[in-house]
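Here is the structure we will look at.
The values are calculated or read from the model by the stated rules, or taken from the named source; none is laboratory data. Here the structure is a predicted model, which is why all the values come from computation and not from measurement. For neighbour counting, all protein chains shown are included, and Cβ atoms are generated from backbone atoms with ideal geometry for every residue, glycine included. For accessibility, only protein heavy atoms count, side chains too; no ligands or nucleic acids. Shrake-Rupley method; radii C 1.70, N 1.55, O 1.52, S 1.80 Å.
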Amino acid sequence: SGESGAGKTESTKLLLQHIMNMCKGNSQLEQQILQVNPLLEAFGNAQTVMNDNSSRFGKYIQLHFQNNTVQGAKLSEYLLEKSRVVQQDTGERNFHIFYYMFAGLSSEEKEMYGLLDPSLYRYISGRFGTEDVAQRWKHKYQEVCNVLDMVGFHEQEQVDMQAILAGVLSLGNVTFEPEESNGSVKVSETSRGWLKAAAVSHKNCWQKPYGYDAVSHWHGFSLRADARDSIAKVAYGRVFGWIVCKVNELLAENVDPELELREIGILDIFGFENFAVNRFEQLCINLANEQLQHFFNHHIFQLEQAAYKEEELPWETITFNNNEPILDLLLAKPLGLLSLLDEQSAFPQATDKTFVDKLNSSFKGNLHFQPGRGHVLGFSIIHYAGKVQYTAGGFLEKNRDTLPASVRGLFINSVTPLLSVLFTGKSLCYDEASHMNQGPPWQDLSVGCSLMVLMERMYSANPHFVRCIKPNHQKEPGVVDNQVVLLQLRYNGLLETIRIRRDGFSWRPLFEEFAER
């Protein structure tokens, strides 16, 4: 754990290499586990203000062992930040893969996918910069293609996947105008070319353009634009889930199912974030970090001190900053923030404003909640790592995250095989246990449910905590800002941890072991 940009993903890679080196097992499998990283980072990472290669999803890597050698591995992904596909703030970029494609595809391939100059696309932000950057992206694109081959993606699957990504970009440029005769909305004349490009990218998978029958029952510009963005987000999210499934097929163990395998799991999850503008995504990320902090407190302070008391050791209780009240504020049922958000999302008439009004009345007097000030619709939460101000615009729409049934039908009947598969789930891997029988893994779980599945896994294990500390906010190597470091040591509870390690009993031999010694 640690702030965004503190080095969690890099530490995870080093830890994986270290474990692989220690156990000297199936060398091909170990290489494959290490090699899939560039693929996951291309589709799941992006440049943010805080970090040039920021993980925009949480990943849990399970390594399965038999006789101290790795026999297989499994990846689980949590809460991919799909909204990044359709919107990025100043100084931020979309997922890496889009930039890699523009730098790495030949002009013939770009023509085949209907890709034009990247500056024309609404979903792509940030200038392409120097020739050096373009060369680096080109190299990264080649690396991704090599991994796709290694993992076992067929050529047609790779073509379909890139066609979907190109189609997503073209779709983002579709705009709408009112239909004079009946008050509904149609695709604007100026953006029909983009709609056609999106359909061609998907080999005419959208047989009826959106301006006609398929969505004629939606009213209003914003609703139509929301639907367009929903399609882009869902399509990208399904592609990402499908990639993770294919990687898991490659890494699955080939051993006797009767044999009991031991497991080491590594959780690499997005770090705590506090930007100039914080949205629904930051709330999800910070909630996950809030839960991990609670998990840490539970193990390091509560369980350890309870053991000392039980054994009647002379012990002066060490107090720590318990963040349980913040988790109650966010997760309690039926009146926690997420429950209220789900409740409001179920009402068609509800708006972001009615949601904020509900929060203000429900949490009046709560020490960890502050109503928004000024003209911006929002609220603040006092997290374990400090106060974060959230902008409430888009909370309901992002929480609903639904596709109209008619659009889902278009995808299912697509003539692009991959699109059809992604929306029907045929011939895709499915792990019932980890998704609690909620449907295939590429279908989206709610925020609360995803985090609940993750925390259940954490609590069933014997944990070791790797704390990543960010040395400065300028992304500079070799520079340590004492105040920045001290703040992290304080809010992580590391000063109290040092006390319990110093005053407590870090080595705990069994009596037999002690007597023998």
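Can you find a residue in the range 130-137 that is buried (at least 17 other Cβ atoms within 10 Å of the Cβ) and within 23 Å of the chain's Cα centre (by Cα)? Checking the range 130-137: at least one residue is buried (at least 17 other Cβ atoms within 10 Å of the Cβ) and within 23 Å of the chain's Cα centre (by Cα).
Report yes if S191 is hydroxyl-bearing (S, T, Y), assigned to a helix (DSSP H, G or I) and modelled with pLDDT under 85, otherwise no. The answer is no for S191.
Evaluate the range 279-288: report whether one residue or more is under 30 Å from G72 (Cβ atoms), within 16 Å of the chain's Cα centre (by Cα) and either modelled with pLDDT of 95 or more or outside any helix (DSSP H, G or I) (or both). There is no residue in the range 279-288 that is under 30 Å from G72 (Cβ atoms), within 16 Å of the chain's Cα centre (by Cα) and either modelled with pLDDT of 95 or more or outside any helix (DSSP H, G or I) (or both). When E111, E143 are checked against the criterion of being at pLDDT 95 or above, in the same structural domain as V86 (by the TED database) and outside any loop (DSSP other than H, G, I, E, B), a single residue qualifies: E143. Determine whether G91 is closer than 22 Å to I243 by Cβ and either open to solvent by 30 Å² or more (accessible area, probe 1.4 Å) or not acidic (D, E) (or both). Criteria not met by G91. Report whether or not E77 is assigned to a helix (DSSP H, G or I) and open to solvent by 30 Å² or more (accessible area, probe 1.4 Å). No; evaluated as a whole, the condition is false for this residue.
When the range 463-517 is filtered for residues that are aliphatic (A, V, I, L, M), open to solvent by 50 Å² or more (accessible area, probe 1.4 Å) and farther than 26 Å from S54 by Cβ, the ones remaining, listed by number, are L495, I498, L510, A515. The helices (runs of 4 or more DSSP H) found entirely in the range 336-446 that carry 2 or more residues being modelled with pLDDT of 85 or more and among the aliphatic types (A, V, I, L, M) are 337-345, 352-362. All but one of (1) open to solvent by less than 10 Å² (accessible area, probe 1.4 Å); (2) out of contact with any strand residue (DSSP E or B) (no Cβ under 6 Å at 6 or more places or on another chain) hold for D149; state the number of the condition that does not hold. The one condition D149 does not meet is (1).
Among residues of the range 63-90 that are in the same structural domain as D52 (by the TED database) and of a type in the set (G, A, S), those with a Cβ under 6 angstrom from a residue that is part of a loop (DSSP other than H, G, I, E, B) and open to solvent by 40 Å² or more (accessible area, probe 1.4 Å), sequence gap 6+ or separate chain, pair up as G72/A252; G72/E253.
Here's the yes/no breakdown for (1) closer than 13 Å to H383 by Cβ; (2) outside any helix (DSSP H, G or I); (3) in contact with a helix residue (DSSP H, G or I) (Cβ under 6 Å, 6 or more places away or on another chain); (4) open to solvent by less than 50 Å² (accessible area, probe 1.4 Å):
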residue	(1), (2), (3), (4)
Q293	yes, no, no, yes
F296	no, no, no, yes
Y308	no, no, no, yes
E316	no, yes, no, no
T319	no, yes, no, no
P325	yes, no, no, no
L330	yes, no, yes, yes
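Residues are listed down the side, and each one gets a yes or a no for (1) in contact with a Lys or Arg (Cβ under 7 Å, 6 or more places away or on another chain); (2) farther than 28 Å from R136 by Cβ:
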| site | (1), (2) |
| --- | --- |
| E41 | no, no |
| G44 | yes, no |
| N53 | no, no |
| I61 | no, no |
| H64 | no, yes |
| A73 | no, yes |
| E81 | yes, no |
| V85 | yes, no |
